[in-house]
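Taking it in order: structure first as C-alpha cells, then the write-up.
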Amino acid sequence: MTGVGAVPTGGAWLSALGLEIEELSGSRVVGHLEVTGDHHTPWGVAHGGVFTTIVETTASLGASAAVSERGQFAVGTHNSTDFLRPISEGRLDVVAVPVLQGRVQQLWEVELTRGDGKLVALGRLRLQNVPMPGAD
C-alpha cells in the first residue's frame, strides 16, 4: 500500500499483513487479504489481531480521507470487533462504511467476509478528527 491522495496507506506492519486496498474514499473503503499460515494462531486459524488490525486500518483510512481537505486526519479511540467464524486460508473481503461522520468524531462499521459471503468478523471503530501534525 502506498497512498491515495493525501492519505498514506503504508507502513511495515501493514505491508507484512498483506492487506490490499482496492477502493478508498471518505465514504467507503474496500479491500481484501489472502489469509495464509502467516496469519495463524498456534491452532491453525487466523489470529483475531488480524481482524482488529483490518478494522482499525480500513476505518481510519476512510475517516481520514473524509477530513483530509480540512487539514485533519482521524485516530481510532475505540475498536470493537466481534469474531464470528474462523478462517484458515483464502480470500477475506473487507468493506468499511461510515455510520456517522461528525465534525469532531466518526463511527465506521467494517465487515469481513469469506469467499462464500459469510461474515468472519464485524467491527466498529469510533474515531476522533484531529489536526494534521504541524497544522496551526
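Candidates V55, V7: the one that is surrounded by 12 or more Cβ atoms within 10 Å (Cβ to Cβ) and at pLDDT 95 or above is V55. Checked against (1) among the hydroxyl-bearing types (S, T, Y); (2) surrounded by 14 or more Cβ atoms within 10 Å (Cβ to Cβ); (3) modelled with pLDDT under 95, S68 passes all but condition (3). Filtered by the rule that a residue be farther than 14 Å from E56 by Cβ and of a type in the set (A, V, I, L, M, F, W, C), the stretch 100-121 gives L100, V104, L119, V120. The listed residues are V50, V30, and the only one of them that is surrounded by fewer than 21 Cβ atoms within 10 Å (Cβ to Cβ), within 11 Å of the chain's Cα centre (by Cα), farther than 22 Å from Q128 by Cβ and aliphatic (A, V, I, L, M) turns out to be V30.
Evaluating V99 against the criteria (1) closer than 17 Å to L19 by Cβ; (2) in contact with an Asp or Glu (Cβ under 6 Å, 6 or more places away or on another chain) leaves one unmet condition, (1).
When D116 is tested against (1) more than 21 Å from L14 (Cα to Cα); (2) of a type in the set (D, E, K, R); (3) modelled with pLDDT of 95 or more, just one condition goes unmet, and that condition is (3). Within the stretch 93-112, the set of residues being in a strand (DSSP E or B) and over 13 Å from the mean Cα position of the chain (by Cα) comprises V99, L100, Q101, Q105, Q106. Tell me yes or no: at least one residue of the stretch 85-92 is in a strand (DSSP E or B), surrounded by fewer than 13 Cβ atoms within 10 Å (Cβ to Cβ), touching a residue at least 60 places away in the same chain (Cβ under 8 Å) and in contact with a Phe, Trp or Tyr (Cβ under 9 Å, 6 or more places away or on another chain). Within the stretch 85-92 (the criterion being in a strand (DSSP E or B), surrounded by fewer than 13 Cβ atoms within 10 Å (Cβ to Cβ), touching a residue at least 60 places away in the same chain (Cβ under 8 Å) and in contact with a Phe, Trp or Tyr (Cβ under 9 Å, 6 or more places away or on another chain)), the answer is no, since none of the residues qualifies.
State the number of residues belonging to the stretch 108-118 that are farther than 15 Å from L33 by Cβ and hydrophobic (A, V, I, L, M, F, W, C). Within the stretch 108-118, residues that are farther than 15 Å from L33 by Cβ and hydrophobic (A, V, I, L, M, F, W, C) number 1.
The values are calculated or read from the model by the stated rules, or taken from the named source; none is laboratory data. Source: prediction; values computed, not measured. Note: ideal-geometry Cβ built from the backbone for every residue, glycine included; neighbour counts use all protein chains shown.
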